[in-house]
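Before any comments, here is the structure.
Read-outs: derived from the displayed coordinates by stated rules, not from any lab. Predicted model only: the values in this text are computed from it and were never measured. Cβ placement follows ideal geometry from the backbone for every residue including glycine, while neighbour counts extend to all protein chains displayed.
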Amino acid sequence: MHVDGMRANSLALRLFLSATAWAVIILLITGIVLSSLYRQAVERAFDRRLGVYLRTLVADVASPEEGGEKFPQSLGEPLFELPLSGWYWQVTRTDPGKAEVRASRSLWDGGLPHLQDNGIAAGPDGSREGYVSGPEDQRLRLVERNIDLGDEGHYLVAVAGDAAEISEETRSFDQALIITFSILAAVLLLTTTFQVRFGLAPLKRITDGLAAIRSGSAERLTGKFPEEIAPLARETNALIEANKEIVERARTHVGNLAHALKTPLSVMVNEAAARGVEPFAQKVLEQADIMRDQVARHLERARLAARLTVVGSVTEVAPVVTALARTMEKIHRDKNLIIDVHADDKAQFHGERPDLEEMMGNLVDNACKWASSRVAIEVVRERPDQASDRQVVRIIVDDDGRGLSPSEREQVARRGQRLDETKPGSGLGLSIVIELAALYGGGLTLGTAPLGGLRAELVLPAA
C-alpha cells in the first residue's frame, strides 16, 4: 500500500504510523543502550591497558634500586617519553613533610590531578578510574592507586592515557550503528508497508466488492475472507438479500393497495355518474377524481421509492434514447418529425431502466407533440464539480415548437396542469419526471432551446 494512498484517519495510515513510531522508538532505545554498553566495554579495555602500566609502576616503586631510591623504570611504551603525547605516569609520595613527585618525560613540567581529591572511591582492588583534564586541557582517562610501603613511605601511583582513543573508537562504532540502524529502519518501514497492505487486503476486497454492488456489476460479496472479517461479509450479503426481500414485499404491497383502492373508487364513480347532474353526484365525482389523483400520485412515489432501494442498478442511456427516438418517429409519423440523437456511448444512469424510460418517454413525447418538424436529443456524461469524483448524466431534449414563457414553464411543472386542452395527455408527464428525478437526486430544468422551442434538461446520477 503506497503511503500516498493512506488517507487521513484511515486504518492503514493508523497502522503504518503506529508501527513506524514503535519501530523508531525501539531502534533509538536499542541504539542508545548498545552505544552505552560499547563505550563501557571500550573504557574497561582501556582501563585494563592502563592497569598493566600501573602494576609495572607499582612493582618498580616497591622494588629498591641502587642508592635506595624509588624511581620507575621504562614501561616499554615510547609515548611516555614523547612530550605532551597524552600518555603519562606520575608517582607522588604522600608522607607529610616528604612531598616528592616523579613523572614521565611526556608530562614535561606539568602534573596530573588526583582522583582521590575529587571524592572518587577506590574499587575492590584499591584503584580508582576516571576522566581528568591534563596538560594543554587534554581529556585523559586516569587510573591511580595508593601504595603503603611501611617505613619506606606512602605513594600515589597514577597512569593516564589519551581519552581521544575512547571517543574515536566509540564514535566509529556509533557511525556504524547509525548506518546499520538506518538500513534496518528502512527495511522495517518497507516490511510495515507490506504488512499493512497484505493485512488490509481483505478489507480492500470488501470495499471493491461493495463498489461493484453499487455500480451494478455484482449482486453480493464473493470469495473467501479471513475469519476475522468473514462475519462482516456474511452479514453484508445477508443485509443485501434482506433489502431485496423488503423491496419485493413493498412492491407487492403497493400493487395490492392499488387494486384494493381501484375497485371502491370505480364503484363510487359509477354510482355517482348514474345519478346524473345532481349536485351531490357531481360533488362525489369531483372528490373521487381528486382521490384517484392523490392515490395514483402516492402509489407512484411509493413504487419509485421502493425501486430506488435496490442497490446496484445501472442502465445504459444511449440504447434507451435511440430506441425511444425510433418509437416516437413511428408514433408521430403524420408530422414527419426528424429526431436527432447524439448520445455518449459511455453514459450510464445509476438507476433502473423502466424509470429512465418513463422519464425520457415523457420528455420526448412532450417535445414531439409541440415540435413543428424537428426534435434534438443530446446525452453527455460530465463532472459538474471538478473537486469531486461525482459524475452525472445530462440529457437535453430540444424542439422547434413555439416554446414556453417563464410563467408557463412554472405552470406545466405542476401536477395535472395543461396549457392546451387540444393536445392529448393528462398533464402529469412533467411532474412525474420532476418527482422521479428528485428521488434519484437529480432534477429537471426548462428553458429556451436553440431551435426556438422548449429545452428540457434532465440531470441524473451517473454510474
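What order do you get for His342, His154, His114 when you list them from fewest to most C-beta neighbours inside 10 Å? Don't skip to the answer; put the middle values down first.
Values: His342 12, His154 15, His114 18.
With the fewest neighbours first, His342, His154, His114 line up as His342, His154, His114.
Using alpha-carbon pairs under 8 Å, 6+ residues apart, how would you state the relative contact order of the range 1-199 in percent? It would help to have the intermediate numbers written out before the result.
Working: 250 pairs, mean separation 49.5, N = 199.
Contact order relative to length: 25 percent.
Looking at the chain, do any whole DSSP H helices span at least 15 angstrom along their long axis by alpha carbon and average 1.6 or above on Kyte-Doolittle, and which? Don't skip to the end; give the middle numbers.
Numbers: long enough: 11-62 (75 Å, 1.06); 164-199 (50 Å, 0.76); 201-215 (21 Å, 0.14); 230-274 (66 Å, -0.02); 279-308 (43 Å, -0.40); 317-331 (21 Å, 0.89); 353-370 (25 Å, -0.69); 429-439 (16 Å, 2.14).
Both cut-offs are met by 429-439.
Loop-only GluC sites (Glu not before Pro) in the range 193-293, please: DSSP not H, G, I, E or B, and at most 10 other Cβ atoms within 10 Å.
Numbers: sites: Glu219, Glu227, Glu228, Glu235, Glu241, Glu245, Glu248, Glu271, Glu286; in loops: Glu219, Glu227, Glu228.
In loop regions of the range 193-293 (DSSP not H, G, I, E or B), the sparsely surrounded GluC sites (Glu not before Pro) are Glu227, Glu228.
Based on other C-beta atoms within 10 Å, arrange Ser405, Ser372, Ser431 from fewest to most. Can you show the working numbers first?
Numbers: Ser405 10, Ser372 14, Ser431 19.
So the residues, fewest neighbours to most, are Ser405, Ser372, Ser431.
Using +1 on the beta carbon of Lys and Arg, -1 on that of Asp and Glu, and nothing else charged, what's the dipole of the range 315-461 about the Cα centre, debye to 20? Each step should come with its number before you reach the end.
Working: 19 positive and 24 negative charges, 57 e Å.
Magnitude of the dipole: close to 280 debye.
Given charges of +1 on the Cβ of Lys and Arg and -1 on the Cβ of Asp and Glu, with all other atoms neutral, how large is the dipole of the chain about its Cα centre, in debye to the nearest 20? Show your work: numbers first, answer last.
On the way: 54 positive and 64 negative charges, 633 e Å.
Computed about the Cα centre, the dipole is about 3040 debye.
With a point put 7 Å past each Cα toward its Cβ, work out how far Ser10 is from Thr180 in nm, to one decimal.
That separation, rounded to one decimal, is 3.6 nm.
From the residues Ala242, Ala99, Pro450, which one has its Cα farthest along the dipole of the chain in the positive direction, the dipole being from +1 and -1 charges on Cβ of Lys/Arg and Asp/Glu about the Cα centre?
Of Ala242, Ala99, Pro450, it is Pro450.
For P(r) over Cα pairs in 20 Å bins from 0, in percent, several values are listed as [x] 16, 25, 16, 11, 12, 13, 6, 1; [y] 22, 50, 26, 2; [z] 23, 52, 22, 4, 0; flag the one computed from this structure.
Among [x] 16, 25, 16, 11, 12, 13, 6, 1; [y] 22, 50, 26, 2; [z] 23, 52, 22, 4, 0, the one calculated here is [x].
Starting with the fewest neighbours, write out Met359, Met328 ranked by other beta-carbon atoms found within 10 Å of each beta-carbon. Each step should come with its number before you reach the end.
Numbers: Met359 28, Met328 21.
Ordered from fewest to most neighbouring Cβ atoms within 10 Å, Met359, Met328 come out as Met328, Met359.
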